[in-house]
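To start, the structure itself, in structure tokens.
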Amino acid sequence: MFDFDKFTQYSKPGPRYTSYPTALEFSNTFEYDVYLDKLHAQDPKRPLSLYFHLPFCKNACYFCGCNVVFTSKEEKKERYIDYLKRELEILAKHLDVNRSVIQLHFGGGTPTFFDAPQLKRIIAMIKSHFKNFSADAEISCEIDPRHIDDAQMKVMADAGFNRVSFGIQDFDEKVQIAVHRVQPYDITKTAMELARKYNMDSVNVDLIYGLPYQSLETFKKTLDLAISLDPDRFAVFNYAHVPWLKKTMRKIDETTLPTPSEKLSIMRYTIDYMTSKGYSMIGMDHFAKPTDELFKAIDKGELHRNFQGYTTKGGADLIGIGLTSIGEGADYYAQNFKEMEAYEEAIDAGKLPFERGIVLTRDDQIRQYVIMELMSNFKLDIERFEQLYEVKFAEYFADALIQLKPFEEDELLTVTSKSIECSPTGTLLIRNICIPFDAYMQRHTSTKTFSKTV
């Protein structure tokens, strides 16, 4: 099914395409007043997706690439909640909050580093502004199993949360010590039992391969333990070692990282293992049970991708709230300040904490559609594309089609006048396949711009 012999030649730096254009293209030339105009001009019939960034962590996990603030002080968390409340009050002046909300996600940091009363307060202030949640809204939270208790899970369940994602990464103690995240199996098992007790519709677990001291043999044991928890979804990520971007990654001894061939063995085994256990591959790094809505969506070509990962909730305007959050509209991306001081200063001035972003040109939108379709569904309906954008695909992307020829020759995809479709092996190299459609890649020749695709 998968031809792993073809992989090594495709190992090169490339974007993960959680957005197009990528965040590297965001700048402060997208001005605040223009952003406000974009919010006011949004189609009232389009639903909303809300992302809240809760940035605090007690300690650093050395592998983490997220934007986090390390603290153990309760007053910092209380202060942040106060500023979130004020941000929401300002946002409500510029956004139609009566629109249908089809998605709400708490990300971090460690959202459950906030205790049950704090979570309850955050949720209450959200629902005091956004009162029109759809009946089938996806309401989710990222959870560190080391920071979750019955009271917190009850607060979320009572508020309608129906999806949770647990960070595991690896169960091997030596690996855990090396990445500064010691999390015994029993702690994760207890967290899973809480999720089931409170009837969460879907539970995801995150694993990472490519961490210090990992080998195929150690990862096999991690997979066995993870499967015993019976999650509905798995996300199995390739560790992106970018110490030039994330200082905490400099604490990792690079000589202990598995070799590319060992990582390939782990990936190969993981795919076979998950398949044997009844999970199907969704996207480039996700696995789900065939009963899962993600699996059903990819069959229909309706899977979508945003900053929260793969989702079935497409066609919404994403509003990012909180420190460093990113929002997405029909023709823009907008990001809040990354530094707490600047974030607070903006709100103190009565402004949204918007720092930078990008307004998409027509060319950006055309390429965004192609890249996101390929990233999400591993195929592109060219006839549908031509109807939507009124351009001839073969003419518009003549250069990209030339660059795709080697992929065709290696049987990684099939190109016809009607469609582009990836082979099973091609799905694992989807980042590479999307690069020819990226008009900005030629600007980023440094090998230290992106993580490697394989």
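In region 19-43, how many residues are of a type outside the set (D, E, K, R), under 24 Å from the mean Cα position of the chain (by Cα) and surrounded by 16 or more Cβ atoms within 10 Å (Cβ to Cβ)? Even if it seems obvious, please write down each step before you answer.
Taking region 19-43 first, the residues of a type outside the set (D, E, K, R) are 19-24, 26-30, 32, 34-36, 39-42.
Next, only the ones that are under 24 Å from the mean Cα position of the chain (by Cα) stay: 19-24, 26-28, 30, 35, 39, 42.
Of the ones still in play, those that are also surrounded by 16 or more Cβ atoms within 10 Å (Cβ to Cβ) are 19-22, 26, 30, 35, 39, 42.
Selection size over region 19-43: 9.
If the Cβ limit is 7 Å and pairs must be 6+ apart or interchain, which residue in region 217-244 that is in the same structural domain as D186 (by TED's automatic domain parsing) and at pLDDT below 95 pairs with which residue that is assigned to a helix (DSSP H, G or I) and surrounded by fewer than 18 Cβ atoms within 10 Å (Cβ to Cβ)?
Between residues of region 217-244 that are in the same structural domain as D186 (by TED's automatic domain parsing) and at pLDDT below 95 and residues that are assigned to a helix (DSSP H, G or I) and surrounded by fewer than 18 Cβ atoms within 10 Å (Cβ to Cβ), the close pairs are P243/R250.
If Y310 meets every condition in (1) surrounded by fewer than 20 Cβ atoms within 10 Å (Cβ to Cβ); (2) within 23 Å of N238 (Cβ to Cβ) apart from one, which number is that one?
If we test Y310 against (1) surrounded by fewer than 20 Cβ atoms within 10 Å (Cβ to Cβ); (2) within 23 Å of N238 (Cβ to Cβ), just (1) comes out false.
Looking at K351, K405, can you tell me which residue is of a type in the set (K, R) and touching a residue at least 24 places away in the same chain (Cβ under 8 Å)?
K351
When you check T110 against the structure, is it among the polar types (S, T, N, Q) and either surrounded by 21 or more Cβ atoms within 10 Å (Cβ to Cβ) or touching a residue at least 60 places away in the same chain (Cβ under 8 Å) (or both), yes or no?
Yes.
Is it fair to say A330 is modelled with pLDDT under 95 and either among the aromatic types (F, W, Y) or within 22 Å of L39 (Cα to Cα) (or both)? Don't jump to the end; show me each part of the working.
On the way: modelled with pLDDT under 95: yes; either among the aromatic types (F, W, Y) or within 22 Å of L39 (Cα to Cα) (or both): yes.
It is true that A330 is modelled with pLDDT under 95 and either among the aromatic types (F, W, Y) or within 22 Å of L39 (Cα to Cα) (or both).
In this structure, is K338 assigned to a helix (DSSP H, G or I) and not assigned by TED's automatic domain parsing to the domain that holds I282?
For K338, the condition - assigned to a helix (DSSP H, G or I) and not assigned by TED's automatic domain parsing to the domain that holds I282 - is not met.
Here are some conditions: (1) outside the structural domain of D438 (by TED's automatic domain parsing); (2) at pLDDT below 95. N377 meets all but one. Which one does it not meet?
So N377 meets the others, but not (1).
From (1) touching a residue at least 40 places away in the same chain (Cβ under 8 Å); (2) of a type in the set (K, R); (3) crowded, with 17+ Cβ neighbours inside 10 Å; (4) more than 18 Å from F354 (Cα to Cα), pick out the condition that doesn't hold for K58.
In the conditions (1) touching a residue at least 40 places away in the same chain (Cβ under 8 Å); (2) of a type in the set (K, R); (3) crowded, with 17+ Cβ neighbours inside 10 Å; (4) more than 18 Å from F354 (Cα to Cα), K58 misses (3) alone.
Quick one: count up the residues across region 178-217 that are part of a helix (DSSP H, G or I), within 17 Å of E254 (Cα to Cα) and among the β-branched types (V, I, T).
Number of matching residues: 0.
Any residue that is part of a helix (DSSP H, G or I), touching a helix residue (DSSP H, G or I) at 6+ places or on another chain (Cβ under 8 Å), at pLDDT below 95 and small (G, A, S) - is there at least one of those in region 390-399?
no
Would you be able to say whether some residue in region 74-82 is of a type in the set (A, V, I, L, M), touching a helix residue (DSSP H, G or I) at 6+ places or on another chain (Cβ under 7 Å) and buried (at least 21 other Cβ atoms within 10 Å of the Cβ)?
Scanning region 74-82, I find no residue that is of a type in the set (A, V, I, L, M), touching a helix residue (DSSP H, G or I) at 6+ places or on another chain (Cβ under 7 Å) and buried (at least 21 other Cβ atoms within 10 Å of the Cβ), so the answer is no.
Condition first: in a helix (DSSP H, G or I) and farther than 16 Å from D230 by Cβ. Now tell me which residues in region 275-294 satisfy that.
T275, E293, L294, listed by residue number.
Filter region 414-443 down to the residues that are under 25 Å from the mean Cα position of the chain (by Cα), surrounded by fewer than 23 Cβ atoms within 10 Å (Cβ to Cβ) and not in a helix (DSSP H, G or I) and list them by number.
Those that are under 25 Å from the mean Cα position of the chain (by Cα), surrounded by fewer than 23 Cβ atoms within 10 Å (Cβ to Cβ) and not in a helix (DSSP H, G or I): E421, C422, S423, D438, A439, Y440.
The values are calculated or read from the model by the stated rules, or taken from the named source; none is laboratory data. Just so it is clear, the model here is predicted, and its values are computed rather than measured. We place every Cβ from the backbone using ideal geometry, glycine too, and count neighbours over all the protein chains shown.
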